[in-house]
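Before any comments, here is the structure.
The values are calculated or read from the model by the stated rules, or taken from the named source; none is laboratory data. Quick caveat, the model's predicted, so the values are computed rather than measured. Don't worry about glycine lacking a Cβ; one is built from the backbone with ideal geometry, like all the others, and counts go over all protein chains shown. Areas reflect the complete protein model, heavy atoms only, side chains present, ligands, DNA and RNA absent. Shrake-Rupley method; radii C 1.70, N 1.55, O 1.52, S 1.80 Å.
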Amino acid sequence: MKRSARLFTAASVAAALTLGLAATSSVQAFDEHEATIDYRQGVMRAIGGNMGSVAAIVIDGADFGDNLKIHTQQLVDLTRDIPSLFPEGSDFPDTDAREEIWDNWDRYVELANDSRDAAEALHAAVESGDESEYPIRFRNLGQSCQACHDDFRRD
Amino acid sequence: MTSAATEPVAGVPVSRRRAAWLPAALLFAGLTALTPVQAEIAIGEVDPAASDEERIAYGEYVLRAGGCVTCHTAKDGEFLAGGRAIESPFGVFYGPNITPHPEYGIGDWSEADFRRALQEGRSPDGHHYYPAFPYTAYTRMRDEDIEALWAYLQSKVEPVAEENRSHELDWFARFRPALIGWKWLHFQPGRFEPDPDQSEQWNRGAYLTLALGHCMECHSPRTRTGGLELGRLGAGSRLPDGDVAPNITPDRDTGIGRWGERHIARYLEMGITRDGDFAGGSMADVIDHGTSHLTSEDRRAIAVYLRALDPIEYEPE
């Protein structure tokens, strides 16, 4: 094989390797974000599940009042740091997250914190057994969810 | 001046390809321009038992049930002073100022002007409104509701000197006389007729859903010519902003067949879905500014009516 041909082959191999490695690392980043998105969506569904259960008890009088604290504790835990579920780059087009989250991050964090605070307030009422506050605080929490979805989620 | 819808895109033809009907409509415009306009609708009797204060308070309720606030108030704007953008396949409409400001709002209108706008889709100077303003539904409104709404708007709303923003429409949509053709095809004026075979609650729900709340404007697919598909009312639609107004008929798989009346009523009050999710987007506005202000009886009536619709299996594309 002539020298120039060998050089060409070596360059081709090097280029292929470089491209392959770059592709692998971008696939890894993609996979990592996909896993983040799966996790985030699972958390959101868990929040929804707990909200549905609390609504059935607090609004419609389902006879599971003894379990209320389980649900409100989970809501406190799951809303504690919602912004961490939305790292930059986790806005693939097929998610419901709007780009405005990252464009308007401070506002987003503020609304997420409203949900955290509202969940804590609901849980506090349940812990103290102040039943007259349950529906009010549940509505407040729901409104905080809605306010955030309104601006930052595709529907 | 053009009015606007209470929900984004309500009453607006839904896709660009459907603009193909326009040449036909233009032809119609020519053919029908000489047809006399409908006779002025007689002003109905007012409930003699209601005091002015009661009527005005009821008018505010009508405003909420009619979902007027959403389109007639810009985000962070003055109440009912207009400016809210409503996307459509034909461009962007801006909800106009309906405060009683004599120059920029509707302060110099008469009650008959107001009635004609809602029931006939015509402005005081006689031009036709774009159906972004859902007069196609409001035409079913009871006279006394319009009267109460008018009394409220004129007496309790602060006049705001906010000039109406011009719509930003594609060239083919700017020719307003084409609306005569559109109305000929798709607008059936007339009041809501209660069904004597149904309960009072069902009839109230039907009135709130079809007339005041104009729910079907967003929640129904549209024909090629931009009218509602009457055979699939409530079966859902993809809106020009990309969001889906879902199927609200009681089909178990594609609609809300698994929702009970209490789920629907709760959703209209708080935005919580049957599975604990919370509405966002345009429906959140509809709930915040509209249905959350209704009485629980009225929300329940809407639920009863929706549950009684024929289920339609359909998912918006």
Only residues that are surrounded by 15 or more Cβ atoms within 10 Å (Cβ to Cβ), assigned to a helix (DSSP H, G or I) and at pLDDT 95 or above: list them for region B:148-195, please.
B:ALA148, B:LEU149, B:TRP150, B:ALA151, B:TYR152, B:LEU153, B:GLN154
So, B:ASP277, is that one modelled with pLDDT under 90 and at the interface with another protein chain (Cβ under 9 Å from one of its Cβ atoms) or not?
no
Residues in region B:134-144: is at least one modelled with pLDDT of 95 or more and on the phi > 0 side of the Ramachandran plot?
no
Please go through region B:280-299 and give me each residue that is within 14 Å of chain A (Cβ to nearest Cβ) and over 20 Å from the mean Cα position of the chain (by Cα), ordered by number.
B:SER296
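Criterion first (open to solvent by 40 Å² or more (accessible area, probe 1.4 Å) and modelled with pLDDT of 95 or more) does B:ASP310 satisfy it? Let's see the steps before the verdict.
On the way: open to solvent by 40 Å² or more (accessible area, probe 1.4 Å): yes; modelled with pLDDT of 95 or more: yes.
Yes.
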Exactly one condition in (1) over 26 Å from A:GLY49 (Cα atoms); (2) among the aromatic types (Phe, Trp, Tyr); (3) in a helix (DSSP H, G or I) is not met by B:TYR267; state its number.
(1)
Hits in region B:211-259 - residues which are open to solvent by 10 Å² or more (accessible area, probe 1.4 Å), assigned to a helix (DSSP H, G or I) and more than 19 Å from B:SER282 (Cβ to Cβ)
B:LEU230, B:GLY231, B:ARG232
Give the number of residues within region B:265-287 that are touching a residue at least 24 places away in the same chain (Cβ under 8 Å) and surrounded by fewer than 20 Cβ atoms within 10 Å (Cβ to Cβ).
1
Members of region B:225-263 found to be farther than 19 Å from A:ARG153 by Cβ, in contact with a helix residue (DSSP H, G or I) (Cβ under 7 Å, 6 or more places away or on another chain) and within 13 Å of another protein chain (Cβ to nearest Cβ), listed by number:
B:GLU261
Residue count, region A:124-148, condition crowded, with 22+ Cβ neighbours inside 10 Å and more than 14 Å from chain B (Cβ to nearest Cβ), comes to 1
Quick check: is even one residue across region A:69-86 among the aliphatic types (A, V, I, L, M), within 14 Å of chain B (Cβ to nearest Cβ) and either open to solvent by 40 Å² or more (accessible area, probe 1.4 Å) or closer than 19 Å to B:ARG266 by Cα (or both)?
yes
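Only one of these is touching a helix residue (DSSP H, G or I) at 6+ places or on another chain (Cβ under 7 Å), touching a residue at least 24 places away in the same chain (Cβ under 8 Å), open to solvent by 40 Å² or more (accessible area, probe 1.4 Å) and more than 12 Å from chain B (Cβ to nearest Cβ): A:ASP114, A:ASP151, A:ASP155. Name it. Explain how you work it out, then say what you get.
Working: A:ASP151 fails: more than 12 Å from chain B (Cβ to nearest Cβ); A:ASP155 fails: more than 12 Å from chain B (Cβ to nearest Cβ).
Step by step, each of A:ASP114, A:ASP151, A:ASP155 is checked, and only A:ASP114 is touching a helix residue (DSSP H, G or I) at 6+ places or on another chain (Cβ under 7 Å), touching a residue at least 24 places away in the same chain (Cβ under 8 Å), open to solvent by 40 Å² or more (accessible area, probe 1.4 Å) and more than 12 Å from chain B (Cβ to nearest Cβ).
In this structure, is B:GLY121 in contact with a His (Cβ under 8 Å, 6 or more places away or on another chain), crowded, with 22+ Cβ neighbours inside 10 Å and over 30 Å from B:GLY280 (Cβ atoms)? Spell out how you get there, then give the answer.
Working: in contact with a His (Cβ under 8 Å, 6 or more places away or on another chain): yes; crowded, with 22+ Cβ neighbours inside 10 Å: yes; over 30 Å from B:GLY280 (Cβ atoms): yes.
Taking the combined requirement at face value, the residue satisfies it.
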